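Notes follow the structure.
The values are calculated or read from the model by the stated rules, or taken from the named source; none is laboratory data. Just so it is clear, the model here is predicted, and its values are computed rather than measured. Here the Cβ positions follow ideal geometry from the backbone for every residue, glycine too, while neighbour counts run over all protein chains shown.
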């Protein structure tokens, strides 16, 4: 689980299951933060998805796919800081950067860059993320 802070909220943990790059990281963060970042009809659609999942009317895979569709248009930007470093040292993450390159940018030694599970675990331990939404889409 990587620590994230959505602007205006408290720290939260987001599981990294599939992410190999910043784009994948954004996808997983949007899904986790969906109740905080969706609004209007998309927020209502999320509630319907949750009910259908709870009633076993849909599989977890179908729920995740629906959630991904609902959150797909939400644009978030990420800034990262090395665990234990001051917040003002956070750096903007480029969408096409790999998790390995992000770790290397923060001078975290990556022993086996081809073992994505080990990379995710190292990322979780070493990096904290700040999540920003465009002001026009910010849902309170």
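Given the structure, is residue 105 over 16 Å from the mean Cα position of the chain (by Cα), in contact (Cβ under 8 Å) with a residue 12 or more places away in the chain, within 18 Å of residue 120 (Cβ to Cβ) and surrounded by fewer than 17 Cβ atoms within 10 Å (Cβ to Cβ)? Answer is yes for this residue.
Take the residues in region 53-63 that are more than 20 Å from the chain's Cα centre (by Cα) and within 16 Å of residue 31 (Cβ to Cβ); name whichever of them is surrounded by the fewest Cβ atoms within 10 Å (Cβ to Cβ). Filtering first and then ranking leaves 59. Here 82, 36 are screened, and the one residue that is in contact with a helix residue (DSSP H, G or I) (Cβ under 8 Å, 6 or more places away or on another chain) and either buried (at least 16 other Cβ atoms within 10 Å of the Cβ) or at pLDDT 95 or above (or both) is 82. Restricting attention to region 96-106, the residues that are within 14 Å of residue 129 (Cβ to Cβ) and part of a loop (DSSP other than H, G, I, E, B) add up to 2. For region 76-95, residues that are assigned to a loop (DSSP other than H, G, I, E, B) and over 15 Å from the mean Cα position of the chain (by Cα) total 5. Can you work out which of the residues in region 1-16 that are part of a loop (DSSP other than H, G, I, E, B), in contact with a helix residue (DSSP H, G or I) (Cβ under 8 Å, 6 or more places away or on another chain) and touching a residue at least 24 places away in the same chain (Cβ under 8 Å) is farthest from residue 121 (Cα to Cα)? If we take residues in region 1-16 being part of a loop (DSSP other than H, G, I, E, B), in contact with a helix residue (DSSP H, G or I) (Cβ under 8 Å, 6 or more places away or on another chain) and touching a residue at least 24 places away in the same chain (Cβ under 8 Å), then 9 is farthest from residue 121 (Cα to Cα).
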